[in-house]
Amino acid sequence: MLKTVAIVGRPNVGKSALFNRLAGMNISIVHDKPGVTRDRIVAECRRGPQVFEIMDTGGIGANTDDILTDQVQIEAAIALDVADLLLFVVDVVDGITTIDQALAGELRKTSKPVILVCNKADSPKRKMGGAEFSRLGFKEQVEVSAAHGLGINELVSVVSEKLDLQAGDDEGETVELERNARPLKLAIVGRPNAGKSSIINAVLGKKRSIVSEVAGTTRDSLDIRCTINKHDYILIDTAGIRKQAKIDEPVEIFSINQAIKSIKRADLCLLVIDCAEGAKMQDRKIAQIILEEQKPCILVMNKYDLYHPYGSQKDRIEELTEKIRREFFFLSYAPIVAVSAKNAMYMDKLFKAVERVRRGAQTRIGTGELNRILSRAIANSPTSMGNSPIAFKLLYATQVNKSENSVIPVPHFVLFANRATKMQDSYLRHLEKVIRAEWPAEGVPFRMSVRGKEAKSKQGGSQRKSTRNPKAEPDELEEG
């Protein structure tokens, strides 16, 4: 297992900026408003000779108006308990505060190694200011500027030394195995209060993400590793994606952008919908983002315990399925799974669906079979060229996977044909349905392209190659 390094300190000393610098990417939200970071956020630091996990936490000792402060303190306390090493971050500009002193007293009681990180030391004068912090009583002290990347390499060296993560030892070999492991990345997305964090907590069987009735509780996109039925996953808990007109804080704008980035980097998206309240326009807009990014998807109907609770199970499922298929017709290939995160009901069905999607995407339809299927479909559809009197002729078809090395590859069907530019998108969608009838590939989107040559012009010009990569837009699909 990777060693864990927790970043702790009072609010607004630059913990999230240091976390992002060590992670090599913007994961935690950096903002001058105290108390922005609420959950424990985990990522890997690969800057040193070996890999270790870093954990960002909410500010300890916060005295803000945030009603979630008590839960943040609990999250930070858990981080202190599970970490192998602690980075105690202080602000050289502010100097030693009473909260710093109180927190230092608590950290000196722990048996965990502690490195004092004097942040915002971005000039020689400020770096000298770190000397006053020596009276906090920590042997290891490093001056850095997380915002400017100063002193970070020295910090990583000290951390590596403390964790005894030297290249070539047995622990290093274990870390290399971890590095090469490829868990499935599941992005849990949806509008606020659909129950995304509750689903993660139900899966893990403990309160790993903060859950609240306040819309917008989750601000950062959290990567949480877990193993379920011997399969490794990274659960990406994201902020609720609200209507753009209702977004009024810069922090929330950043949160939503992070959620959209999470969709892009995920292997599979779990779109969580409050089925008791019913699908809303915002749910469909999020589904359209998933479609545009060509990401595999599962529709997760949460709060199923509140959906016509006194009806028969069969009638409830049939009615719910019919409604959701009608609302999300453009994601007709996505499995529907009804769960109750609050009561931890049917979570096993969710991960069975995840594995069905993974297994289905690993197979390929044979080239010969693909060509026979499409040839029959085209032969039975004489109007494939719309009003054109010239019949469409398929020369050859093949399947290539987008991102061959991805855990869930997205199939790309390329059709070589004459007069490619005249092929209508609606007919390509028809051919996609024909392929799915033989090879469903549950949960996985298809990409369809046509390549070919135009006929010679009347002036006797040479043939011109043409390539089409039609991609039906979600709005267009809704109208159709």
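Coordinate-derived values only; no laboratory data. From a predicted model like this one, the values you see are computed outputs, not experimental measurements. Cβ sites come from the backbone with ideal geometry, for glycine too, and all protein chains shown count toward neighbours.
Modelled spin labels at GLU292 and ARG325, positioned 7 Å past Cα toward Cβ, are 2.8 nm from each other.
When LEU306, LEU103 are ordered from fewest to most other Cβ atoms inside 10 Å of their Cβ, what list results?
Values: LEU306 13, LEU103 21.
Sorted ascending by nearby Cβ count, the order is LEU306, LEU103.
A simple spin-label model places pseudo-atoms 7 Å from Cα toward Cβ; at LYS393 and GLU132 they are separated by 8.6 nm. With the simple model of a label 7 Å out from the Cα in the direction of the Cβ, GLU161 to ARG265 spans 3.1 nm.
The fewest-to-most ranking of LEU320, LEU291 by surrounding Cβ atoms within 10 Å reads LEU320, LEU291. Here the calculated FRET efficiency for LEU306 and THR227, from their Cβ-Cβ distance with R0 = 30 Å, stands at 0.50, rounded to the nearest 0.05. Sorted fewest first by neighbouring Cβ atoms within 10 angstrom, MET347, MET423 come out as MET347, MET423. For LYS285 and ASP315, a Förster radius of 30 Å and the Cβ-Cβ distance give a FRET efficiency of 0.50, rounded to the nearest 0.05.
Given their separation in residues at 0.36 nm each and the Cα-Cα distance between them, ARG372 and ARG451 gain 26.6 nm when the chain is fully extended.
Just to confirm a number: summing +1 for Lys and Arg and -1 for Asp and Glu over residues other than GLU442 whose beta-carbon lies under 13 angstrom from that of GLU442, what do you get? Neighbour charge sum, excluding GLU442 itself: +4.
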